[in-house]
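Each remark here refers to the structure printed beneath this line.
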Amino acid sequence: MYMKRYDTDGHVIVAVCDSDILGKKFKEGKLVLKLDESFYKGEEVGDNDVKEALSCATIANIAGEKSIACAVECGCIEPDTVIFIDGIPHAQMVQI
């Protein structure tokens with residue numbers, strides 16, 4: 001998985017994406033999921049790093065089966081909030 005962290009305006013934004021879908025674009029109807037390397041490609045990390053970063057995040061964008069599984073396991077997202085675009089799971093999280 002690739003993960004990139006952004007610290008901005010009092011928020012911690014975390015972008016997580018499975019390695020095998022990074023840089024790809026998926027479409028389904030009017031929905032488009034574009035996994036730009038410029039946004040998602042930070043460090044290549046493991047499950048524990050993703051879980052730790054997501055637990056500190058105020059905003060997160062998560063794409064891919066492995067990345068979504070980590071987010072669900074650490075309780076950052078609920079499985080019923082995951083959408084699928086051309087078969088690719090995607091979720092966003094915002095802590096208020």
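The values are calculated or read from the model by the stated rules, or taken from the named source; none is laboratory data. This structure is a prediction, so every number in the text was calculated from the model and none was measured. Every residue, glycine among them, receives a Cβ derived from its backbone with ideal geometry; neighbour counts consider all protein chains shown.
Residue count for segment 7-35 under the criterion of being of a type outside the set (A, V, I, L, M) and under 13 Å from the mean Cα position of the chain (by Cα): the result is 4.
Check every one of the strands (runs of 3 or more DSSP E) wholly within segment 1-70 and list those with 3 or more residues that are closer than 15 Å to His90 by Cα.
Details: elements: 2-8, 11-17, 25-28, 31-34, 59-63.
Fully inside segment 1-70 and qualifying: 11-17, 25-28, 31-34, 59-63.
Residues of segment 71-81 being crowded, with 17+ Cβ neighbours inside 10 Å and assigned to a loop (DSSP other than H, G, I, E, B), which ones? Within segment 71-81, Cys76, Ile77 qualify. A Cβ distance below 9 Å, combined with a sequence gap of six or more or placement on separate chains, defines the contacts here; from segment 1-21, residues that are free of Cβ contacts under 8 Å to residues at least 12 places away in the same chain reach residues that are among the aliphatic types (A, V, I, L, M) in the pairs Tyr6/Val12; Tyr6/Ile13; Tyr6/Val14; Tyr6/Ala15; Tyr6/Ile59; Asp7/Ile13.
For (1) of a type in the set (S, T, N, Q); (2) in contact with a His (Cβ under 9 Å, 6 or more places away or on another chain); (3) at negative phi, each residue gets a yes or a no:
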{"residue": "Gly46", "(1), (2), (3)": "no, no, yes"}
{"residue": "Ala57", "(1), (2), (3)": "no, yes, yes"}
{"residue": "Asn61", "(1), (2), (3)": "yes, yes, yes"}
{"residue": "Ile68", "(1), (2), (3)": "no, yes, yes"}
{"residue": "Gly75", "(1), (2), (3)": "no, no, no"}
{"residue": "Pro79", "(1), (2), (3)": "no, no, yes"}
{"residue": "Val82", "(1), (2), (3)": "no, yes, yes"}
{"residue": "Gln92", "(1), (2), (3)": "yes, no, yes"}
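Filtered by the rule that a residue be surrounded by 13 or more Cβ atoms within 10 Å (Cβ to Cβ) and either without any contact (Cβ under 8 Å) to a residue 24 or more places away in the chain or more than 18 Å from Leu33 (Cα to Cα) (or both), segment 82-96 gives a lone residue, Val82.
Kindly indicate whether Ser38 is under 19 Å from Asp7 (Cα atoms), surrounded by fewer than 16 Cβ atoms within 10 Å (Cβ to Cβ), modelled with pLDDT of 95 or more and out of contact with any helix residue (DSSP H, G or I) (no Cβ under 9 Å at 6 or more places or on another chain). Reasoning before the result, please.
On the way: under 19 Å from Asp7 (Cα atoms): yes; surrounded by fewer than 16 Cβ atoms within 10 Å (Cβ to Cβ): yes; modelled with pLDDT of 95 or more: yes; out of contact with any helix residue (DSSP H, G or I) (no Cβ under 9 Å at 6 or more places or on another chain): yes.
When the stated conditions are applied, Ser38 passes them.
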